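*Asks:* The structure's right below; bear with me while I get my questions together.
Just so you know, all these numbers are worked out from the coordinates, no wet-lab data involved. Because the structure is a prediction, the values reported are computed rather than measured. Positions of Cβ are generated from backbone atoms using ideal geometry, with glycine treated the same way; all protein chains shown enter the neighbour counts.
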Number of protein chains: 4
Amino acid sequence: MPLRDDTSPPQPPAPMRPARPTRVASAAARATLREEPARPARTNDPERTMAEILAAATQEFAAKGLDGARIDAIADATRTSKRMIYYYFGSKEKLYRTVLEEAYRRMRETEAGLHLADQPPEAALARLVDFTFEHHWQNQDYIRLVMTENILRGEYLAQSRIIQKLNVPAIAAIRELYERGVADGVFRAGLDALDLHASISALCFFNVSNQHTFDLIFKRDGSTPRALAARRASIVDMILRHVRA
Amino acid sequence: MPLRDDTSPPQPPAPMRPARPTRVASAAARATLREEPARPARTNDPERTMAEILAAATQEFAAKGLDGARIDAIADATRTSKRMIYYYFGSKEKLYRTVLEEAYRRMRETEAGLHLADQPPEAALARLVDFTFEHHWQNQDYIRLVMTENILRGEYLAQSRIIQKLNVPAIAAIRELYERGVADGVFRAGLDALDLHASISALCFFNVSNQHTFDLIFKRDGSTPRALAARRASIVDMILRHVRA
Amino acid sequence: MPLRDDTSPPQPPAPMRPARPTRVASAAARATLREEPARPARTNDPERTMAEILAAATQEFAAKGLDGARIDAIADATRTSKRMIYYYFGSKEKLYRTVLEEAYRRMRETEAGLHLADQPPEAALARLVDFTFEHHWQNQDYIRLVMTENILRGEYLAQSRIIQKLNVPAIAAIRELYERGVADGVFRAGLDALDLHASISALCFFNVSNQHTFDLIFKRDGSTPRALAARRASIVDMILRHVRA
Amino acid sequence: MPLRDDTSPPQPPAPMRPARPTRVASAAARATLREEPARPARTNDPERTMAEILAAATQEFAAKGLDGARIDAIADATRTSKRMIYYYFGSKEKLYRTVLEEAYRRMRETEAGLHLADQPPEAALARLVDFTFEHHWQNQDYIRLVMTENILRGEYLAQSRIIQKLNVPAIAAIRELYERGVADGVFRAGLDALDLHASISALCFFNVSNQHTFDLIFKRDGSTPRALAARRASIVDMILRHVRA
DNA sequence: CATGAATGAGGCTTCATTCAT
DNA sequence: CATGAATGAAGCCTCATTCAT
């Protein structure tokens with residue numbers, strides 16, 4: 001996850017409502033053609049099949065939320081059938097939970113890759129904010145899954161045993177960084193690491209999550225490289241001013 | 001719109017299925033009609049009927065999002081029938097759009113009630129942030145509607161002609177306030193009012209929107225008066241440090 | 001009811017599905033405008049109101065059939081409200097029956113206006129066929145009502161007392177005409193007047209009733225003046241050859 | 001497709017709600033599964049399921065038209081559920097279109113079975129008219145579907161790609177037949193084959209399509225073998241006189 | 001006479017899920 | 001493992017009709 005100097009365009013937002021082709025066509029066609037068409041062939045590789053389903057499901061749930069997502073749409077985006085989804089994941093809700101877990105897991109993994117201890121506190125904090133801003137912008141699916149989960153009041157996250165274990169490092173890294181800064185005399189004392197984390201998250205998250213309504217209301221385009229760079233710089237600056245001694 | 005010194009407990013998150021309110025007392029008029037069965041009581045007051053539907057719909061859409069909401073649930077929370085929803089609003093999506101428009105309209109109206117020009121810039125800005133934080137926390141339905149609309153990529157907000165007119169004042173007030181501060185020498189120059197607004201919004205919005213996942217992951221309760229007060233103070237401080245000369 | 005030499009274009013087929021404007025607009029508008037708009041004013045003329053309703057209903061039933069017709073659409077095409085339809089006609093079905101009766105009555109009246117006895121048999125028969133062809137083409141609403149009624153297997157016509165009385169003249173006129181021709185030696189004997197009437201009706205009716213499928217299948221346009229004139233001439237010729245001695 | 005000398009009684013007009021056929025005898029296969037509840041018996045034979053739906057839909061649409069038809073009624077006349085109709089046909093309108101296409105296809109197939117080239121022109125023409133008369137009387141469902149489609153102004157036929165290809169033979173056969181007759185000197189020259197086809201169709205179609213109103217108005221029963229034979233003879237005669245040299 | 005508001009019943013359609021092979 | 005066929009429950013929406021004023 002390299003940290004680029006310029007904000008490159010994000011993943012293209014998935015098209016709104018991909019019309020699922022009616023069954024009629026194929027059924028009617030078969031009636032006349034009288035032979036089974038070339039199906040994508042079975043995988044026979046459970047790992048891969050599951051991964052494929054998860055990828056498709058991630059996209060669909062991120063695009064439409066839990067209630068808006070369609071099992072059919074997920075199946076159609078896969079080389080397997082709807083039956084496999086139930087075979088491997090049991091239900092729509094369990095699939096959603098797995099998608100959510102995977103998204104969080106990947107995020108934490110990424111965070112762990114940041115080596116903030118290598119740099120002086122101020123540079124490390126700048127890098128952290130910068131990275132978070134970029135990461136959120138590049139991973140809009142993740143952001144949207146978190147939005148969805150909050151619409152659901154955290155119902156499924158609460159059910160997940162897995163997640164509640166791999167999240168400590170994130171806050172620990174920030175705390176360590178902050179305390180190092182205080183010790184060095186570059187950061188002022190008395191701040192709460194969790195509060196700091198909340199601020200960084202809020203600023204970076206909102207930039208993705210609320211982009212549509214914000215842009216519409218203020219009739220602007222916040223997704224241009226220039227706008228993103230300006231916003232990112234502003235956020236980094238704000239956080240640094242906030243903690244600086 | 002008094003600004004309290006302490007953060008009072010927020011509106012209780014609406015119960016999933018708000019219990020239908022017990023029959024209103026004004027049923028005394030019924031006394032003339034002997035032995036009428038327990039029918040829902042015909043309002044014949046369109047204004048009220050529409051308002052009642054809108055209120056129920058606001059709750060339901062805020063609670064579940066557009067796709068999760070159920071027209072039946074909305075009707076059940078009303079003294080009218082499902083049929084009337086279609087009589088007045090035409091479709092689920094049009095009802096949702098109206099709910100969204102009303103929510104934005106109320107929010108803007110509230111903002112207009114703030115008289116920031118009466119105070120010195122720094123106090124006015126503090127008041128603005130403070131107010132925004134409080135207002136968002138007190139109006140979680142509004143926040144959730146905006147979240148839902150962003151999940152829908154602003155599809156319905158984009159359709160609304162009404163909304164795109166009453167939102168200029170918000171940013172104008174901030175700009176005026178900021179420029180006054182610069183002129184007074186208390187704010188540093190070179191900042192963008194819209195960027196400032198984005199920061200305030202992000203910090204206050206996230207505090208409501210992401211509370212569930214945030215609390216779950218960090219195993220804390222951010223909704224206690226103490227936690228809210230601390231967070232609010234931190235945000236006010238951060239914004240002030242950001243703009244101070 | 002002049003008999004033209006050339007086939008003029010028929011009444012324009014009513015547009016397929018006139019979208020009834022949703023109520024929302026007006027209801028929402030009222031909420032802001034706060035005063036009743038200028039309504040078309042009440043007629044206070046029952047005769048005229050009924051006639052207006054019947055006219056609108058004739059169009060709607062002819063355009064869509066009994067089941068396809070919408071009471072709302074009829075009301076909207078009138079200066080009165082839906083309530084008046086029920087006030088004057090009791091139900092959709094009774095309204096339909098009345099429309100049907102009126103259509104038949106007008107048709108018979110028209111037929112009675114033909115003075116076939118004034119001319120020699122062959123010319124009179126030619127005129128009759130010619131007239132029927134024209135009349136059917138010019139009164140497509142009537143044709144479509146008869147089609148609809150046949151789809152309903154004559155259910156409503158069977159209920160109508162009124163109709164079963166004014167229809168004898170039609171066949172009587174043909175019979176008289178035919179017998180005059182036989183007496184004159186220009187028509188061959190042994191034919192049945194009702195059978196003759198059936199043939200004339202069939203040829204002229206089909207030209208209107210089946211125009212859409214016929215034109216589509218044979219990729220032609222049977223509604224041009226040229227095509228109509230040719231078809232009319234062919235039918236007249238066929239009938240005359242059929243009866244000529 | 002034998003050509004009978006006498007007009008046999010037609011198919012009984014389908015009962016409004018065709019009673020669901022008593023469970024088929026082949027339920028013997030059930031013997032292995034002990035104590036299964038009375039479920040509709042899962043076919044798992046798509047070909048058959050589709051065919052069954054189409055058959056029921058043909059009846060229903062022919063009986064009531066597009067708007068009058070009920071999806072529930074169609075489902076009830078089938079061993080499958082309403083859900084399967086949507087599984088295979090997507091929507092009521094698509095089902096209707098398919099029914100229409102199938103009806104036309106069967107009709108054209110039947111026509112193709114007539115070997116008019118084997119006989120001398122006059123006999124062949126007589127046979128053609130005779131056959132058409134019989135065929136229309138025997139296939140009232142087809143007639144009624146065409147009536148319905150004309151009430152809809154050919155909206156669905158226009159959408160069908162399939163149909164517009166298999167209908168040329170019909171008119172080609174007549175043209176060939178007519179030209180043979182002209183060459184033989186038994187038919188007069190100068191007629192248009194399409195016009196001739198229109199006349200035959202009109203006379204035979206009307207005999208079915210308008211039977212209800214016609215019989216009611218003239219207080220007769222045109223469906224007796226005697227009446228049908230007389231009418232058929234009259235039509236054959238009329239067409240032959242029309243073309244004879 | 002006239003009107004806008006209101007309604008119950010029923011229509012079409014969709015969805016997550018399971019069964020038979 | 002995998003698939004196409006099948007399904008019950010429920011969702012949104014419409015319609016003819018009636019009520020209160």
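*Asks:* Can you tell me the alpha carbon radius of gyration of the range A:68-124 divided by the globular rule-of-thumb value 2.2 N^0.38 Å? Mind showing how you got there, number by number?
*Replies:* Values: Rg = 18.1 Å, N = 57, 2.2 N^0.38 = 10.2 Å.
Rg over 2.2 N^0.38 Å, computed on Cα atoms: 1.77.
*Asks:* Another question about this same structure. Where in the range D:75-114 does the label zone of residue D:45 land, with the point 7 angstrom along Cα→C-beta and an amide N cut-off under 17 Å?
*Replies:* Under 17 Å, as judged by backbone N against the label point of residue D:45, lie D:78-81 of the range D:75-114.
*Asks:* Once the label point is set 7 Å along the Cα-to-beta-carbon vector, what list of distances in nm do you get between residue A:224 and its counterparts in the other copies?
*Replies:* Taking the point 7 Å beyond Cα along Cα→Cβ, the inter-copy spacings are 4.7, 5.7, 8.9 nm.
*Asks:* A further question follows. Run the label-point distances for residue A:112 please: 7 Å along Cα to Cβ, every other copy, nanometres, shortest first.
*Replies:* Ordered by increasing distance: 5.4, 6.9, 9.8 nm.
*Asks:* Could you tell me which of rounded, prolate or oblate describes the range C:56-150, using a ≥ b ≥ c as the square roots of the eigenvalues of the alpha-carbon gyration tensor, with rounded for a/c under 1.5 and, failing that, prolate when a/b is larger than b/c and oblate otherwise?
*Replies:* Values: a/c = 3.33, a/b = 2.65, b/c = 1.25.
Prolate.
*Asks:* As a footprinting exposure proxy, order C:108, B:97 by other Cβ within 10 Å, with the fewest listed first.
*Replies:* Working: C:108 18, B:97 23.
Ranking C:108, B:97 by Cβ neighbours within 10 Å, fewest first, gives C:108, B:97.
*Asks:* Label residue A:76 and residue B:245 with points 7 Å out from Cα along Cα→Cβ: what is the distance between them in nm?
*Replies:* Going by the 7 Å Cα→Cβ label model, 6.2 nm.
*Asks:* What whole-number distance in Å separates the alpha-carbon centres of the range D:129-154 and the range C:171-245?
*Replies:* Computed from Cα coordinates, the inter-centre distance equals 20 Å.
*Asks:* Could you list B:49, C:148, A:224 in order of exposure, starting from the residue whose Cβ has the fewest other Cβ atoms within 10 Å?
*Replies:* On the way: B:49 19, C:148 27, A:224 12.
Ordered by Cβ neighbours within 10 Å, fewest first: A:224, B:49, C:148.
*Asks:* Taking the axis about which chain D rotates onto chain B, which residue of D lies nearest it as judged by Cβ position, and how many whole Å separate them?
*Replies:* Axis relating chain D to chain B; nearest Cβ residue and distance: D:91, 9.
*Asks:* With a/c under 1.5 counting as rounded, go ahead and sort the range A:41-90 into rounded, prolate or oblate using the C-alpha gyration tensor (a ≥ b ≥ c being the square roots of the eigenvalues; past the cut-off, prolate if a/b is larger than b/c, else oblate).
*Replies:* Values: a/c = 2.04, a/b = 1.92, b/c = 1.06.
Prolate shape, in that a/c is at least 1.5 and a/b is the bigger ratio.
*Asks:* Taking the Cβ of residue D:119 as the center, what net charge do the other residues with Cβ under 13 Å away carry, scoring Lys and Arg +1 and Asp and Glu -1?
*Replies:* -3
*Asks:* Placing the label point 7 Å from Cα along the Cα-to-Cβ direction, what are the distances from residue C:90 to the equivalent spots in the other copies, shortest first, in nm to one decimal?
*Replies:* Taking the point 7 Å beyond Cα along Cα→Cβ, the inter-copy spacings are 3.8, 4.4, 6.3 nm.
*Asks:* Describe numerically, in nm with one decimal, the distance between label points set 7 Å from Cα along Cα→Cβ at residue D:175 and at residue B:160.
*Replies:* 6.3
*Asks:* Based on the alpha-carbon gyration tensor of the range C:130-222 and its eigenvalue square roots a ≥ b ≥ c, which shape applies: rounded if a/c is under 1.5, prolate if not and a/b is larger than b/c, or oblate? Could you put the intermediate results ahead of the total?
*Replies:* Details: a/c = 2.55, a/b = 1.29, b/c = 1.97.
Note, shape of the range C:130-222 comes out oblate.
*Asks:* Quick check on the exposure proxy: order D:118, B:192, A:67 from fewest to most C-beta atoms within 10 angstrom.
*Replies:* Details: D:118 9, B:192 13, A:67 16.
Ascending Cβ contact count within 10 Å gives the list D:118, B:192, A:67.
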